[in-house]
Every structure is written in C-alpha cells, then in structure tokens.
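Student: Take this structure first; my questions come after.
The values are calculated or read from the model by the stated rules, or taken from the named source; none is laboratory data. Source: prediction; values computed, not measured. Methodologically, a virtual Cβ is constructed for each residue, glycine included, from the backbone with ideal geometry; neighbour enumeration extends over all protein chains shown. Note: accessible area is taken over every heavy atom of the protein model, side chains too, but ligands, DNA and RNA are not part of it. Shrake-Rupley method; radii C 1.70, N 1.55, O 1.52, S 1.80 Å.
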Amino acid sequence: MVDKKFPPNTAGSKMITAIPRVRVGERVRDVEKMLSRKAGAFETIDYIYVVDENDVLKGVISFKEILNTR
C-alpha cells in the first residue's frame, strides 16, 4: 500500500490507509486467518475491501458478515 501525504485540512489528510483488503475470489477462511494475523496493523477493521488484480474496488464486506459465514 502506498503511503501518500496530503496537505493539512484536506479530505486526503483525514483518510485512513491501513485497511484490510482482499482479492476477489479469496476464501472466507483465508480472509479470517489474515484478519487474525494482521488485526493490529489496521486502523479499522469494521469492513474488508475487496479489490481486483488492479486494486480496483469491487466490493465491501463487513467483519460481521465474515463471522456469520460459519
């Protein structure tokens, strides 16, 4: 993930960048394992962002939805 700096008092300066991202097609159990290993590295863990091979956002799934797949 690229760490970009934005000018103060802009929307960009308020964004968080340490978020959970997974690729389209990853298995739920693999996502769960990744979240367990890396949870402390994320600024938020409410949602998991699903991206394609070009890092284009394809969907969003909540942490709660991941847990409810069991």
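Student: As a test, work out the antiparallel percent of DSSP beta bridges whose residues both lie in the chain, rounded to the nearest 5.
Tutor: Details: 5 of 8 bridges.
Roughly 60 percent of the DSSP beta bridges within the chain come out antiparallel.
Student: Which whole-Hz ³J(HN,Hα) couplings does region 30-37 yield from phi under the Karplus relation 6.51 cos²θ - 1.76 cosθ + 1.60, θ = phi - 60°, glycine and proline marked x?
Tutor: 6, 5, 4, 4, 4, 5, 5, 6
Student: What size of dipole, in debye to the nearest 20, comes out for the chain about its Cα centre when the only charges are +1 on Lys and Arg C-beta atoms and -1 on Asp and Glu C-beta atoms? Can you show the working numbers first?
Tutor: Values: 13 positive and 10 negative charges, 33 e Å.
Approximately 160 debye in magnitude.
Student: So, one more: Go from 0 up to the bin containing the longest alpha carbon distance in region 5-62, width 10 Å each, and give me the % of pairs per bin.
Tutor: 21, 47, 25, 7
Student: Using modelled backbone amide H atoms (1.01 Å from N, in-plane), which distant-in-sequence or interchain residues come within less than 5 Å of Phe42's amide H?
Tutor: none
Student: Quick one: which residues, 5+ away or cross-chain, put their amide H under 5 Å from the amide H of Val50? H built at 1.01 Å from N.
Tutor: Close amide H contacts, sequence-distant or interchain: Val22, Lys58, Gly59, Val60, Ile61.
Student: With all protein chains present and a 1.4 Å probe, how do Lys38, Lys14 order by accessible area, largest first? All intermediate terms of the calculation are to be shown ahead of the outcome.
Tutor: Working: Lys38 100, Lys14 145 Å².
The ordering from most to least exposed comes out as Lys14, Lys38.
Student: Quick check on the chain: helices-only [θ] at 222 nm, where DSSP H runs of length 4 and up contribute -39,500 (n - 2.57) each and the sum goes over total residues. Nearest 500, please.
Tutor: Details: 3 runs with 20 residues, N = 70.
Theoretical 222 nm ellipticity from helices: -7000 deg cm²/dmol.
Student: Lysine pairs, Cα distance under 28 Å, 8 or more residues apart or cross-chain: how many in the chain?
Tutor: Lysine pairs meeting the criterion: 14.
Student: Further, regarding this structure: Along the charge dipole of the chain, pointing to its positive end and built from +1/-1 on Cβ of Lys, Arg, Asp and Glu, which listed residue (Val24, Leu67, Val56) has its Cα farthest out?
Tutor: Leu67
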